[in-house]
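Asker: Sharing a structure below in C-alpha cells format, with a few things to ask.
The values are calculated or read from the model by the stated rules, or taken from the named source; none is laboratory data. Keep in mind it's a predicted model, so treat the numbers as computed, not measured. Counting neighbours? That spans all protein chains shown, and the Cβs are built from the backbone with ideal geometry, glycine included.
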C-alpha cells in the first residue's frame, strides 16, 4: 500500500513510497492546500470579514478586499511587495457569497464584483442595463494605484505588470476586456476554474455558454493610476445583451498561463479567458 512521504508534501504535489521501493509524485495544476502554522489546510477561497477587511479563508495569495468605505478596493501582497487598487468613490459594504464580494450600485445600475481564486483574484464591473451604460463615468474608468517594492510598467508584449526594480514580474495583467451576457446560463467563472483545474479533460468548454461578444480594451498607465477605456460601441449597440462585464485585467497572478483540453484540442484558452463571463 502506498505511503505518503509527508516531508515531501507541497501546495500542489504529494509524493508516495510504493511497495516496490519506487516513489510516485502526484502534481496538481494549481495548489490544493496551503500552510497554516506548521501544518496544511485545504484551499478555500470563500470570503469572510476579518480585522475590518474581506479575505479568503485559505488561498496561496495574500489578498484583501474592501469592506466598504474610502480605503483601497483591494491590496495584494507577495514576498513583501504589494499593489493596491482604489475605486474613485466611497464603496458600499459588500454582500459576500462564497468566493465573491459584490459592491452594489457603485454607479447607478453598475455593480462591482471581486472574486477570490486559489492563487489569484478577479474584478469585474457589471453594467446591468442600457440606461446604466449611458453614464459618462463609463467612458473612462480610472483606478488609483498604490505600490510598495514594485514598479508599474509595460512588458515587450504590451501587457501591464508590477515588477521589481530589476524587472522581475511580481503581478501581471493579461489585458482589460469586456463582454456581454452569454445566450444561455452556465457555470459561474469560479466554478469553471475549479472544474478545469481539477480535471481539464472532463470539462467540455465549447458546450458551455460563451459571451456573444468580447472586446479587448485600451489601458493607460501613469504613476498613480490605471485607466481602462470601455468600448462605447458595445455599450450603445442595440444588439448588446446585458449585463455587460468590464474586466480591468489585473488578477494578482505572477504569470500569464493557459491550459489544453483533450476534448477541445484546437481551442485556445490563453490566460483562462474561457472562465470569463457568466
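Asker: For region 8-29, give me each residue that is within 23 Å of residue 59 (Cα to Cα) and touching a strand residue (DSSP E or B) at 6+ places or on another chain (Cβ under 9 Å).
Answerer: Applying the first criterion (within 23 Å of residue 59 (Cα to Cα)) to region 8-29 yields 8-15, 25-29.
Matches in region 8-29: 8, 9, 10, 11, 12, 13, 14, 15, 25, 26, 27, 28.
Asker: Still on this model: Quickly run through region 202-220 and pick out the residues that are exposed (fewer than 14 other Cβ atoms within 10 Å of the Cβ) and either within 13 Å of residue 177 (Cα to Cα) or at pLDDT 75 or above (or both). Steps first, answer last, please.
Answerer: From region 202-220, those exposed (fewer than 14 other Cβ atoms within 10 Å of the Cβ) are 202, 204, 206-207, 216, 218, 220; that's our starting set.
If the condition is that a residue be exposed (fewer than 14 other Cβ atoms within 10 Å of the Cβ) and either within 13 Å of residue 177 (Cα to Cα) or at pLDDT 75 or above (or both), then 216, 218, 220 are the ones that fit.
Asker: Across region 150-201, what is the total count of residues that are modelled with pLDDT of 90 or more and either in contact with a helix residue (DSSP H, G or I) (Cβ under 8 Å, 6 or more places away or on another chain) or over 25 Å from residue 62 (Cβ atoms) (or both)?
Answerer: Qualifying residue count, region 150-201: 4.
Asker: Picking from 46, 62, 51, 79, which residue would you name as being under 20 Å from the mean Cα position of the chain (by Cα), exposed (fewer than 14 other Cβ atoms within 10 Å of the Cβ) and closer than 30 Å to residue 144 by Cβ? If you could, list the steps in order and put the result at the bottom.
Answerer: Numbers: 46 fails: exposed (fewer than 14 other Cβ atoms within 10 Å of the Cβ); 62 fails: exposed (fewer than 14 other Cβ atoms within 10 Å of the Cβ); 51 fails: under 20 Å from the mean Cα position of the chain (by Cα).
Every option except 79 fails the conditions.
Asker: Restricting attention to region 82-91, report how many residues are within 19 Å of the chain's Cα centre (by Cα) and over 14 Å from residue 251 (Cβ atoms). Outline the logic, then answer.
Answerer: The initial filter retains those residues of region 82-91 that are within 19 Å of the chain's Cα centre (by Cα), namely 82-87.
Within this subset, residues satisfying the condition of being over 14 Å from residue 251 (Cβ atoms) are 82, 84, 86-87.
Final tally of qualifying residues: 4.
Asker: Filter the strands (runs of 3 or more DSSP E) completely within region 1-94 down to those with at least 2 residues that are farther than 22 Å from residue 142 by Cα.
Answerer: Details: elements: 13-17, 23-27, 33-36, 39-42, 44-50, 53-58, 62-65, 74-78, 81-86.
Correct list: 13-17, 23-27, 33-36, 39-42, 44-50, 53-58.
Asker: Cβ contacts < 7 Å: first residue under 25 Å from residue 147 (Cβ atoms), restricted to region 225-242; second residue in a helix (DSSP H, G or I), any location; separation 6+ or different chain. Result?
Answerer: 230/138
Asker: Across region 92-105, which residue is nearest to the chain's Cα centre (by Cα) among those that are on the phi < 0 side of the Ramachandran plot and surrounded by fewer than 20 Cβ atoms within 10 Å (Cβ to Cβ)?
Answerer: As a first pass, look at region 92-105 and keep what is on the phi < 0 side of the Ramachandran plot: 92-97, 99-104.
Of the ones still in play, those that are also surrounded by fewer than 20 Cβ atoms within 10 Å (Cβ to Cβ) are 92-93, 95-97, 102, 104.
Numbers: 92: 21, 93: 20, 95: 18, 96: 16, 97: 16, 102: 14, 104: 19 Å.
Only one residue fits best here, namely 102.
Asker: Within region 138-150, work out how many residues are surrounded by 15 or more Cβ atoms within 10 Å (Cβ to Cβ) and more than 22 Å from residue 96 (Cβ to Cβ). Can you show your working first?
Answerer: First, the residues of region 138-150 that are surrounded by 15 or more Cβ atoms within 10 Å (Cβ to Cβ): 138, 141-143, 145, 147, 149-150.
Imposing the further condition that a residue be more than 22 Å from residue 96 (Cβ to Cβ) reduces the set to 138, 141-142, 145, 147, 149-150.
Residues in region 138-150 being surrounded by 15 or more Cβ atoms within 10 Å (Cβ to Cβ) and more than 22 Å from residue 96 (Cβ to Cβ): 7 in total.
Asker: I'd like the full set of residues that are under 10 Å from residue 10 (Cα atoms) and surrounded by fewer than 12 Cβ atoms within 10 Å (Cβ to Cβ), limited to region 25-41.
Answerer: 27
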